[in-house]
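Engineer: Just passing along the structure, written as structure tokens.
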Amino acid sequence: MSNPAIDIASLTKTYGRDRGIEEVSLQVNDGEIFGFIGHNGAGKSTTIRVLLNMLFPTAGNARIMGMDVVRDSRKIKYITGYVPSDANAYPHMEAGEFLRYCGRFFSPDGNERRINELTELFEVDLKRKIGDLSMGNRKKISIIQSLLHEPRLLIVDEPTMGLDPLMQARFFELLRSENRNGMTVFYSSHTLSDVQMLCKRVAIIREGRIIKVEEIETLRKRQLRKIFIEFGSAEENSLTELPGIEGTPLVSGRSVRFLYSGDINQLLSRLSNRKIADMTVEEPSLEEIFMHYYN
Amino acid sequence: MRELRSNAVSLLIWTSVITALTALTMSFYGVFLENNQKILAMISIIPEGTLQFKGISDVDDLFSVLGFYSANNVIYMLVLGSIYSIVLSSGILLKEEYNKTAEFLLAWPLTRGEVFYSKAAVVFLNVAVINIVTAIAGYITLVTVKREPFSTDAFIVMSVYTLLLNMFFASLGLFMSTLVRRARPITTLSIGLVLILYFIFTISNITDGLSFIGYATPYKFVGMDTLAPDYRLEFISVIYFGGLSLLLSFTAIRLYRRKEIYL
């Protein structure tokens, strides 16, 4: 059986007295597109920087393709690509010069063929200095450099920030295509629609701790329902003490909205003696699930 | 190569400015000699300490071409050259952090050691280049303006002292940059450190009771008395600069290997 692409076990990183990440454990299977979601400051970038050996674990460990992220960092970087959230490459270098420079770390010819292929896809002007490029174009350069050596694992941190919708679509299609060819993707973002569109599984991190690792479909289908009920009168809209209601129901006149994780029969039984004008039961979006776990 | 190229302009500017200042100053040597009586009269009213501030222990030394050159070399290369060295070395690793380019650099298949060695090589090469070029330029100006022969050996010894001092500050800059936890430039701190050390050295020279504090600065180990008959490269100075530079560089690499890169 092959090693997981990423195997993080009880990983803790503290900054003196400040929290970084605590007891983070998760596994990303080889060949999957895995989402890593959380608010700003939740610990996403800290986790990634430990994986890339920019930060050292305070406790626990992490492995990529079976190799230790501290001891085998160099070997790991030969098979890993990384798109940082801040696309601040060397501003005085021309885009083409920068990409050939990156490419030469992996291949003597600087991966010229791959540079041409990817710059054509992302419509990048290689003659311009990186410092003169817009945020979106710098992001494209960052994406291209991460894929030059056809990595087995791609780690991306907020990769679509600054990309226009057309380029986002091309980027997603490229990720899917590379994934079909065997590349694993660790997709860190707080843009939940992107994660929902691309990933099969997702980990939610909050205040440095993993609070859920689950398949997106499972998250959406099995546990939570988004319920809307419009009662016959405002007096009937109370659903207090019904197990399974997540958070505080949003009451507005005769109607009430809430997320429900309990037994649907129990809910229907509770409603059976009330007059109902309308009722809908929907799957919540990933964003609603995310907010549910966050709250 | 990328790092060499990105520092080439700065090296060119610093080298040109120091060379131009040296040439300009040395061009006054002839006028200085021709007006020696007036100058002696002027110098006689300057406190001795102020002269020592420029490394002049004997006023007569100023009228020899090497003494005149040496007095100016104190400011140009022992201070400005050291500032160049420490500013370059303290920024070369840190700039990757505060410009956030470390996110690319450290994601490529390089060890921390390889990153450090390549950056340190650029620093030491640049420091060597600025020293060699300014020394050659200085020698040419000396030969051009001299009225009497001067000791080439003494000139070489002075240039080697200058190089050793600049290499020491380059190592110190590398070491300091590995201690900085938050990614931010330490240029002001580096320049301030060179000036403070030079100031302490000067105070130690002009205040009898405080001469011992000079040993807290590297300047104390730079031989400046170029006209002394026994002027040579002192073994203790070579050990001091060589040992400290190696120790600082060695400690810096060890620290950088374990440095947390906060961006």
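Engineer: Given (1) surrounded by fewer than 16 Cβ atoms within 10 Å (Cβ to Cβ); (2) part of a loop (DSSP other than H, G, I, E, B), identify the lone condition not met by A:Glu235.
Structural biologist: (2)
Engineer: Would you pick out the residues in the stretch B:233-263 that are among the acidic types (Asp, Glu) and closer than 11 Å to B:Thr178 by Cα?
Structural biologist: Answer for the stretch B:233-263, where residues must be among the acidic types (Asp, Glu) and closer than 11 Å to B:Thr178 by Cα: just B:Glu260.
Yes/no per residue for (1) farther than 30 Å from A:Met93 by Cα; (2) assigned to a helix (DSSP H, G or I); (3) in contact with a helix residue (DSSP H, G or I) (Cβ under 7 Å, 6 or more places away or on another chain):
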{"position": "B:Glu3", "(1), (2), (3)": "no, yes, yes"}
{"position": "B:Ser6", "(1), (2), (3)": "no, yes, no"}
{"position": "B:Leu11", "(1), (2), (3)": "no, yes, yes"}
{"position": "B:Trp14", "(1), (2), (3)": "no, yes, yes"}
{"position": "B:Val17", "(1), (2), (3)": "no, yes, no"}
{"position": "B:Ala20", "(1), (2), (3)": "yes, yes, no"}
{"position": "B:Thr25", "(1), (2), (3)": "yes, yes, yes"}
{"position": "B:Val31", "(1), (2), (3)": "yes, yes, no"}
{"position": "B:Ile39", "(1), (2), (3)": "yes, yes, yes"}
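Engineer: If you take the residues of the stretch B:42-81 that are of a type in the set (Gly, Ala, Ser) and at pLDDT 75 or above, which of them is surrounded by the fewest Cβ atoms within 10 Å (Cβ to Cβ)?
Structural biologist: B:Ala71
Engineer: Now for a separate question. Are any residues in the stretch A:65-80 facing another protein chain (nearest Cβ under 8 Å) and touching a Leu at 6+ places or on another chain (Cβ under 9 Å), and if so, which ones?
Structural biologist: Listed by number, the residues that qualify are A:Ser73, A:Arg74, A:Lys77, A:Thr80.
Engineer: Further question on the same structure: When the residues of the stretch A:81-103 are filtered to those that are without any contact (Cβ under 8 Å) to a residue 60 or more places away in the chain and part of a loop (DSSP other than H, G, I, E, B), which remaining residue is surrounded by the most Cβ atoms within 10 Å (Cβ to Cβ)?
Structural biologist: A:Ala89
Engineer: Would you list the strands (runs of 3 or more DSSP E) that sit entirely within the stretch A:146-216 and hold 3 or more residues that are crowded, with 20+ Cβ neighbours inside 10 Å?
Structural biologist: Working: elements: A:153-157, A:184-189, A:201-206, A:209-215.
Output list reads A:153-157, A:184-189, A:201-206.
Engineer: Filter the stretch A:85-109 down to the residues that are in contact with a Ser or Thr (Cβ under 7 Å, 6 or more places away or on another chain) and more than 7 Å from chain B (Cβ to nearest Cβ), then identify the one that is modelled with the highest pLDDT.
Structural biologist: Taking the stretch A:85-109 as the starting set, the residues that turn out to be in contact with a Ser or Thr (Cβ under 7 Å, 6 or more places away or on another chain) are A:85, A:87-90, A:92.
Next, from what is left, pick out any that are more than 7 Å from chain B (Cβ to nearest Cβ): A:85, A:87.
Values: A:Ser85: 89, A:Ala87: 77.
This residue is A:Ser85.
Engineer: On the given criteria, is A:Phe106 part of a loop (DSSP other than H, G, I, E, B) and closer than 21 Å to B:Arg257 by Cα?
Structural biologist: no
Engineer: Can you name every one of the helices (runs of 4 or more DSSP H) wholly within the stretch B:72-169 that holds 2 or more residues which are closer than 25 Å to B:Ser249 by Cβ and within 14 Å of chain A (Cβ to nearest Cβ)?
Structural biologist: Result: B:94-98, B:102-105, B:112-145.
Engineer: So A:Leu121 clears everything in (1) outside any helix (DSSP H, G or I); (2) more than 13 Å from chain B (Cβ to nearest Cβ) except one condition, right? Which one?
Structural biologist: (1)
Engineer: Same structure, new question: Could you tell me whether the stretch B:237-246 includes any residue that is assigned to a helix (DSSP H, G or I), within 14 Å of chain A (Cβ to nearest Cβ), touching a residue at least 60 places away in the same chain (Cβ under 8 Å) and of a type outside the set (Phe, Trp, Tyr)?
Structural biologist: no
Engineer: If you don't mind, there's one more thing I want to ask. If you go through the stretch A:13-24 one residue at a time, how many are within 14 Å of chain B (Cβ to nearest Cβ), surrounded by fewer than 18 Cβ atoms within 10 Å (Cβ to Cβ) and part of a strand (DSSP E or B)?
Structural biologist: Selection size over the stretch A:13-24: 3.
Engineer: Can you run down the residue pairs with Cβ atoms below 8 Å, 6 or more apart or on separate chains, where the first is in the stretch B:195-214 and closer than 21 Å to B:Phe168 by Cα and without any contact (Cβ under 8 Å) to a residue 40 or more places away in the chain and the partner is among the charged types (D, E, K, R) and in a helix (DSSP H, G or I)?
Structural biologist: So the pair list comes out as B:Phe201/B:Lys220; B:Ser204/B:Lys220; B:Gly214/B:Lys220.
Engineer: Look at the stretch B:61-104 and say how many of its residues are under 16 Å from the mean Cα position of the chain (by Cα), closer than 23 Å to B:Asn35 by Cα and of a type in the set (S, T, N, Q).
Structural biologist: Going through the stretch B:61-104 one residue at a time, the tally reaches 3.
Engineer: Which residues, counting only those in the stretch B:214-233, are surrounded by 15 or more Cβ atoms within 10 Å (Cβ to Cβ) and either assigned to a helix (DSSP H, G or I) or modelled with pLDDT of 90 or more (or both)?
Structural biologist: Answer for the stretch B:214-233, where residues must be surrounded by 15 or more Cβ atoms within 10 Å (Cβ to Cβ) and either assigned to a helix (DSSP H, G or I) or modelled with pLDDT of 90 or more (or both): B:Gly214, B:Thr217, B:Pro218, B:Tyr219, B:Lys220, B:Phe221.
Engineer: Being part of a helix (DSSP H, G or I), of a type in the set (Lys, Arg), farther than 30 Å from A:Ile205 by Cβ and without any contact (Cβ under 8 Å) to a residue 40 or more places away in the chain, is that true of even one residue in the stretch A:239-255?
Structural biologist: no
The values are calculated or read from the model by the stated rules, or taken from the named source; none is laboratory data. On a predicted model such as this, the values are computed, not experimentally measured, just so you know. In this analysis, Cβ positions are derived from the backbone assuming ideal geometry, glycine residues included, and neighbour counts consider all displayed protein chains.
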